[in-house]
Amino acid sequence: MTTTPGQSAAPDVSVIVPAKDERENLVGLIDEIAAGLSGRSFEIVVVDDGSSDGSAEMLAERARVLPFLRALRHASACGQSASVRSGLHAARGAVVVTIDGDGENDPAYIPALLAALEAAGPSVALAAGQRTGRKASAAKRLASRFANRLRGWMLKDQTRDSGCGLKALRRDVFLRLPYFDSWHRFLPALVLREGYGVTHVDIVDRQRRHGTSKYGIFDRALVGVLDLFGVWWLRRRRKRIPQVSAIAGIPADKAKE
């Protein structure tokens, strides 16, 4: 790869951090991600989803002294899926890691996700974190358990906990996935729809250190059910994955896209 003056070479890993009003959590989270990826070529792309707590100002200040930090801002809140998508299009790494901006996902597990994805080989496009020791309320844990079982039964996505924000994906495959709001909760099923495999890594959940959760139990229940049926329909409408090989004029790696 060639670079122009002032432009660094593309990193191996891009970490996307969607966040809304998480200024206090982001300060420590950025440092933890950097520590976890020490020795690797990486960038951190924080997407400020219309925050009003001074997150944008803090990110601009820190980016001046942290060369690996990049930040985007939505003019108004568009949701977590939109934030992940904005970060994905800005990311430059061949592998993209997503992690929630509230600090409940421990960045110390990022190397394990990357190792699992690499060990699984090119037929696997997603290493998904699965939370253990959930710190949410009993009601939220019960609702999450029910939702995950219903999703697993309908989508056969081979994933116990698709709501965990900590995932590592091959960027070229990620870009092919059909987008919709709440898309980030169905990544295993969407990756399987493209003909790639999914591997899993257990991660220990932890308490958020500052602020309160932006999600309730009932505020996304109806939307989640509608999305579930939508993804079920998408998977049923793709009956066969083309096995493409190049004959002439097209590089083999491009023929597969």
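We did not get these values from a lab; they are worked out from the coordinates using the rules stated. As the structure is a computational prediction, the values presented were derived from the model and not from experiment. Note that we place each Cβ from the backbone using ideal geometry, even for glycine, and neighbour counts take in every protein chain shown.
Once you divide the Cα radius of gyration of the stretch 9-125 by 2.2 N^0.38 Å, the number left is 1.02.
In the stretch 37-130, taking the dipole from charged Cβ atoms about the Cα centre, the farthest positive-side position among Val124, Ala108, Cys78 is held by Val124. Each Lys or Arg adds one and each Asp or Glu takes one away; over the other residues whose Cβ falls under 13 Å from the Cβ of Leu37, this sums to -3.
Which shape class, rounded, prolate or oblate, goes with the stretch 88-128 when its Cα gyration tensor gives a ≥ b ≥ c as root eigenvalues, a/c under 1.5 marks rounded, and past that a/b bigger than b/c marks prolate? Judged from the Cα gyration tensor, the stretch 88-128 comes out oblate (a/c at least 1.5, b/c at or above a/b).
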